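K.L.:
Attaching a single structure in structure tokens format; questions to follow.
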Amino acid sequence: MKKATLAAPLLVTLLFVLSASVFPTFSLAAPAQLFGRDSKKDKTRLLTGKVLDSGDSPLPNAVVYLTNTRTSAVKTYIVGPDGTYRFPALQPTIDYEVYAQYNKRKSGTKTVSQFDDRQQVYIDLKIDTKAGSK
């Protein structure tokens, strides 16, 4: 009868060790999604668009200015022949202002708001290039 009482605690210890080695992630870690974090997803935003004249034609070599409203840091982008611009890796918790300039003429300023939850934002910037207008 003494052999049976010694074998029971040994068997329980062996089962505990085996279960811990087989199922370590279930007992030690919870999925990151439960806590609002998912390291696999990119949390930055992308701003793209075109610089166009009043007739919707692209304006090559226009300069696009992007201002971080929190730090006042400015990034620039010189558009190509198709008039497109691209600002990747923008922080979603910051507001940005964007405008374009072409031959001393300027587009209206547009805002990319932190409350806009789109990861990809597309904004066309129009510049009136006619001689009589400013």
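K.L.:
State whether one or more residues within the range 13-34 are at pLDDT 50 or above, polar (S, T, N, Q), under 27 Å from the mean Cα position of the chain (by Cα) and not in a loop (DSSP other than H, G, I, E, B).
P.N.:
no
K.L.:
Hey, can you tell me all the residues within the range 76-134 that are under 15 Å from residue 60 (Cβ atoms) and of a type in the set (Phe, Trp, Tyr)?
P.N.:
Matches in the range 76-134: 77, 85, 102.
K.L.:
Within the range 54-82, track down each residue that is under 15 Å from residue 99 (Cβ atoms) and touching a Gly at 6+ places or on another chain (Cβ under 9 Å).
P.N.:
59, 62, 64
K.L.:
Follow-up. State all residues of the range 110-128 that are within 14 Å of residue 68 (Cβ to Cβ) and without any contact (Cβ under 8 Å) to a residue 60 or more places away in the chain; if no residue qualifies, say none.
P.N.:
111, 113, 114 - these are the residues of the range 110-128 that are within 14 Å of residue 68 (Cβ to Cβ) and without any contact (Cβ under 8 Å) to a residue 60 or more places away in the chain.
K.L.:
With out of contact with any strand residue (DSSP E or B) (no Cβ under 6 Å at 6 or more places or on another chain) and surrounded by 15 or more Cβ atoms within 10 Å (Cβ to Cβ) as the only criterion, which of 118, 45, 105 stands out?
P.N.:
Exactly one residue qualifies, and that residue is 105.
The values are calculated or read from the model by the stated rules, or taken from the named source; none is laboratory data. Being a predicted model, the structure only gives us computed values, none of them experimental. When we count neighbours, we look across all protein chains shown, and the Cβ atoms used for this are built from the backbone with ideal geometry, even at glycine.
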